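One structure is given below, encoded as structure tokens.
The values are calculated or read from the model by the stated rules, or taken from the named source; none is laboratory data. Keep in mind that this is a model prediction, so the values were computed, not measured. Neighbour counts are summed over all protein chains in view; Cβ atoms, including those assigned to glycine, are modelled from backbone coordinates with ideal geometry. Just so you know, the surface numbers come from the protein's heavy atoms only, side chains and all, with ligands and any DNA or RNA stripped out. Shrake-Rupley method; radii C 1.70, N 1.55, O 1.52, S 1.80 Å.
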Amino acid sequence: MARIRAIANQKGGVGKTTTGINLAASLAATKRRVLLIDMDPQGNATMGSGLDKYQLESSTLDLMLGRADIEDVIFPAANNGYDIIPANGDLTAAEVGLIKMPRKEYRLRDALASVIRRYHYILVDCPPSLNMLTVNALVASEGVMIPIQCEYYALEGLTALMNTIEHIRLSVNRNLEIAGLLRTMFDPRNNLANDVSSQLVSHFGDRVYRTVIPRNVRLAEAPSYGIPALSHDRSSSGTLAYLALAGEIIRRDQQAEHKPDQEIS
Ligand code: ATP
Ligand code: MG
């Protein structure tokens, strides 16, 4: 059964999509079957996975509005080892299109039901907003990964995101939890980055992933070739960090599975 993870932070440009693409490729490199869902009208995860967002036959929008079967919106992400449900600017129509739909918060969850046995991980790349698309991702997920750039305004907005997660957990998805906070674009020579990082750890403890994603030019270049950094430069610090993150996530999930029930509650 797939572990469904939303990659969310309504703050823009913090590394959500970079994490979606590179984590999908890294998990796939460990022989996990992975589906990446582009839930952002910007279509960055789509382009970064080697699909042309201007030439899509079908996309996340069709799935959300019930116009296509899930089998018709899943595509192999070039030679990257994972599958993707792509998106483009059309997805902006989802917000209005969903208004009159029944179970509008559950559209993604309902649509994924038939494929959750096919994948080990389903990652949902959210838009930089707490809109209905993000709500659908959170309702469908059992964990939220929150990429955070360690800079002055990093913690601003985190409360709104935490409140949204808590609200969804209490109302429609009691399984939802914070899978982890991920420090991205980290520069260890920057004092402020180190301060923010220690604040995160002292506030969120174990929920901060040990793996830190460094600022690395290969991670920024790879999307222009439609490939993850793993296929662009196997030994770059960015590639190695996302491989380490995949390892950490798999280990954490295996530990959670082996915990006796009474410890989980
Ligand atoms: P949005 O909110 O617009 O969807 P995002 O949170 O998905 O943005 P990304 O698109 O992943 O963020 O990253 C923003 C920019 O920073 C991109 O140009 C990306 O290539 C670059 N970037 C992300 N992570 C790194 C990194 N670790 N090192 C260097 N550049 C990075
Ligand atoms: Mg993005």
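Is there a residue in segment 115-124 that is more than 19 Å from residue 3 (Cβ to Cβ), modelled with pLDDT of 95 or more, surrounded by 24 or more Cβ atoms within 10 Å (Cβ to Cβ) and within 14 Å of ligand 1 (Cβ to nearest atom)?
No, the conditions are met nowhere in segment 115-124.
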*Quick one: how many residues across segment 145-176 are in a helix (DSSP H, G or I) and not acidic (Asp, Glu)?*
13
*asked:* Restricting to segment 69-103, count the residues that are part of a strand (DSSP E or B) and within 17 Å of the chain's Cα centre (by Cα).
replied: 3
*asked:* For segment 139-164, which positions are farther than 22 Å from residue 36 by Cβ, in contact with a Lys or Arg (Cβ under 7 Å, 6 or more places away or on another chain) and crowded, with 20+ Cβ neighbours inside 10 Å?
replied: 150
*Looking only at segment 73-114, count how many residues are open to solvent by 80 Å² or more (accessible area, probe 1.4 Å) and under 20 Å from residue 243 (Cα atoms).*
1
*Which residues, counting only those in segment 226-252, are open to solvent by 30 Å² or more (accessible area, probe 1.4 Å), farther than 12 Å from residue 26 by Cα and among the hydroxyl-bearing types (Ser, Thr, Tyr)?*
235, 237
*Is it the case that residue 70 is in contact (Cβ under 8 Å) with a residue 24 or more places away in the chain, in contact with an Asp or Glu (Cβ under 7 Å, 6 or more places away or on another chain) and surrounded by fewer than 20 Cβ atoms within 10 Å (Cβ to Cβ)?*
no
*How many of the residues in segment 1-50 are touching a helix residue (DSSP H, G or I) at 6+ places or on another chain (Cβ under 9 Å), under 19 Å from residue 209 (Cβ atoms), part of a loop (DSSP other than H, G, I, E, B) and near ligand 2 (Cβ under 9 Å from one of its atoms)?*
1
*For segment 26-63, enumerate the residues that are buried (at least 21 other Cβ atoms within 10 Å of the Cβ), within 14 Å of ligand 1 (Cβ to nearest atom) and either at pLDDT below 95 or among the aliphatic types (A, V, I, L, M) (or both).*
36, 37, 39, 45
_Residues that are of a type in the set (Phe, Trp, Tyr): list the helices (runs of 4 or more DSSP H) wholly contained in segment 178-242 that include at least 1 such residues._
191-204
*Scanning for something part of a strand (DSSP E or B) and within 29 Å of residue 26 (Cα to Cα), does segment 130-144 turn up at least one residue?*
yes
_Search result, residues across segment 215-237 that are under 18 Å from residue 20 (Cβ atoms), in contact with a Ser or Thr (Cβ under 7 Å, 6 or more places away or on another chain) and of a type outside the set (A, V, I, L, M, F, W, C)_ = 216, 218, 226
